Every structure is written in C-alpha cells, then in structure tokens.
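**Q** This structure is in structure tokens; I'll ask about it shortly.
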Amino acid sequence: MPLIDPLLLKSRLGPLAGRFDVDALTECDSTNSELMRRAAAGAPSGTVIVADSQHAGRGRRGRTWLSGPAEGLMFSLLWRHVGPPAGIGGLSLAVGVALAEALTRLGVRDVFLKWPNDLLLRQGEGFAKLGGILIELASDRRGMQAVIGIGLNLQQPSATLPQATAGLIDALPQLPERHDLLAALLTSLAEVLGRFAVDGFAALKTRWETLHAWQGKAVELSAGSGEMPLVGECDGVDEDGALRLLTAQGVQRVLAGDLSLRLA
C-alpha cells in the first residue's frame, strides 16, 4: 500500500484540497515521466503524482535520482502557465522558495537554496544537498505546461554520491508525518505559484536571495563541454531568474550551468 493516502492528504490540505488531484503509486519509473504521460493525455493543472520508490528518477543534466521507500519524498506537480512563455523564467527558483519556506515553518533550521534548483542544509561550515527540483516544460493548445518534480531526502541517501548529502532527519528531532509534510509543501507551492502567475519571479526575487547559500561568495560556474569555468562573485539574480556574477570583465548574466563554491 502506498505510504501516502490521498484521502488523508485531502483532510490536511483543508480549503486547498480542491486545488490538487493526488495519485499515490507504490513504484514508477519517475514521477516526472509518469506525470508527463498523463499531461499529454489531458490531465488538469494541479495533478500530483507521489511515489514510494522510483527506479529511473532523473535530475538535472541527465543525472539519475535514486530513491527507495522511506528514504525520501518524491512527487511531481503539473502546473499550467497561461501567460507568454517568457513569463515562466525563474520558475525553478520560485519553487525553491516555496519548499524552503515550508520546511522552515515545519521547524527546519539552516535550510538554504543553491542556484538554480537545489535545497541545501547547512552543516557546520559547509552545506549538504537536502533535495532537488527538476522542471520539464512543454506546450499545447492550452499554453505552457510545467511538470515540477521534487525529491526531498528524508533519510541520508544510501547511494554513494559525489557531493555531501543530508536527510530531513538530520535537521529535526523526528521526521514529520508524511501527509503533514506533503500537505505543507503543496500549501506553500500553491501560494508561491499563485504569486508567480500574477507577478512573475520579480515578486519573489528578494525572498530567494535571502535564502541563497552563496550570496556574495566567490564561485565557479561550469557550462560543461570542456569550457573553462566562469569565476566570479554571486550578486544575486535578475527578475527572470538569471544568476548575476561579478567577474573581472564586469557583471555577467548566466542562465544555465553547474555552480560550485570556489575554495579560498
């Protein structure tokens, strides 16, 4: 039986219950892939797929996201954007704000964001990855659709990964009940996406920069393909979600890449 019961979740969502149509699966390839198939078949905005485990989870730039029962909370939300495609810039950052603020309200201290789509937990002098966001876009006659995939570590991941990782259990005396946790995340997403739909990321820019782990710090940004990394100081983001880097050549706007802290 799936660990998430949609009926129990609805009771925790209260007046927002009608905004979401939740289907809980014991297993799937990835919640994003499953939801993309359903979106193509006409699933409405607000459809949510949550899975106990996924055997082909995907992260950014083709990376895998391995997860099993009780290790993490994996779900995807379908959201339809009715404005022009250009207005969807910064969506992954807006989602990060929603997640970080929801976790803070649940009592998690020292949760931060890494551009463009990672949740971090501060541990001592460093940071460990707590979760990630993968947004996949498509368009049809109804406009632009976004499948918003979210993976949140509840326990320390059992897989060996190339970066420091953490689970929610590292930040709380005990884990929240799963329905309470998912309801809190969806409630925060409803508020932030509602604001984003009206005013774009510009309305959330200050909230994101407040949560930015490397604001004002020296970083390296790699675009891949053997290119030399771009070195500079994080100067926040623009109203479309582009990262601003202060470099020796002046301010440069960056729309994609892998960001890493530059060690002194």
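The values are calculated or read from the model by the stated rules, or taken from the named source; none is laboratory data. Keep in mind the model is a prediction, meaning the values are calculated, not measured. Note that each Cβ is placed from the backbone with ideal geometry, even for glycine, and that neighbours are counted across all protein chains shown.
**Q** Being in contact (Cβ under 8 Å) with a residue 40 or more places away in the chain, surrounded by fewer than 24 Cβ atoms within 10 Å (Cβ to Cβ) and assigned by TED's automatic domain parsing to the domain that holds residue 171 is the requirement here; does residue 76 meet it?
**A** In short, no.
**Q** If a residue must be touching a strand residue (DSSP E or B) at 6+ places or on another chain (Cβ under 7 Å), within 19 Å of residue 179 (Cβ to Cβ) and surrounded by 14 or more Cβ atoms within 10 Å (Cβ to Cβ), how many such residues does the stretch 11-49 contain?
**A** 11
Results for (1) more than 20 Å from residue 79 (Cα to Cα); (2) in contact (Cβ under 8 Å) with a residue 40 or more places away in the chain; (3) not in a loop (DSSP other than H, G, I, E, B), shown as yes or no for each residue.
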{"site": "149", "(1), (2), (3)": "no, yes, yes"}
{"site": "157", "(1), (2), (3)": "yes, yes, no"}
{"site": "180", "(1), (2), (3)": "yes, yes, yes"}
{"site": "192", "(1), (2), (3)": "no, yes, yes"}
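**Q** Only one residue in 213, 183 is under 18 Å from the mean Cα position of the chain (by Cα), among the small types (Gly, Ala, Ser) and within 29 Å of residue 10 (Cβ to Cβ). Which one?
**A** 183
**Q** Quick check on the stretch 89-125: of everything there that is polar (S, T, N, Q) and surrounded by fewer than 20 Cβ atoms within 10 Å (Cβ to Cβ), which residue is modelled with the highest pLDDT?
**A** Among residues in the stretch 89-125 that are polar (S, T, N, Q) and surrounded by fewer than 20 Cβ atoms within 10 Å (Cβ to Cβ), the one modelled with the highest pLDDT is 104.
**Q** Now a separate question. (1) exposed (fewer than 15 other Cβ atoms within 10 Å of the Cβ); (2) in the same structural domain as residue 49 (by TED's automatic domain parsing): which one isn't true of residue 239, the others all being true?
**A** (2)
**Q** Looking at 139, 188 in this structure, which one is in contact (Cβ under 8 Å) with a residue 60 or more places away in the chain and surrounded by fewer than 22 Cβ atoms within 10 Å (Cβ to Cβ)?
**A** 188
**Q** Can we say residue 203 is over 21 Å from the mean Cα position of the chain (by Cα) and either modelled with pLDDT of 95 or more or on the phi < 0 side of the Ramachandran plot (or both)?
**A** no
**Q** Can you find even one residue in the stretch 126-140 that is modelled with pLDDT of 95 or more, among the hydroxyl-bearing types (Ser, Thr, Tyr) and farther than 22 Å from residue 23 by Cα?
**A** No, there is no match, as no residue in the stretch 126-140 is modelled with pLDDT of 95 or more, among the hydroxyl-bearing types (Ser, Thr, Tyr) and farther than 22 Å from residue 23 by Cα.
**Q** Next question, about the same structure. Restricting to the stretch 53-83, name every residue that is in a strand (DSSP E or B) and at pLDDT below 60.
**A** Once the filter is applied, which keeps residues that are in a strand (DSSP E or B) and at pLDDT below 60, the stretch 53-83 yields 58, 64, 67.
**Q** A further question follows. Out of the residues in the stretch 97-132 that are in a loop (DSSP other than H, G, I, E, B) and in contact with a strand residue (DSSP E or B) (Cβ under 7 Å, 6 or more places away or on another chain), state the one that is nearest to residue 215 (Cα to Cα).
**A** 115
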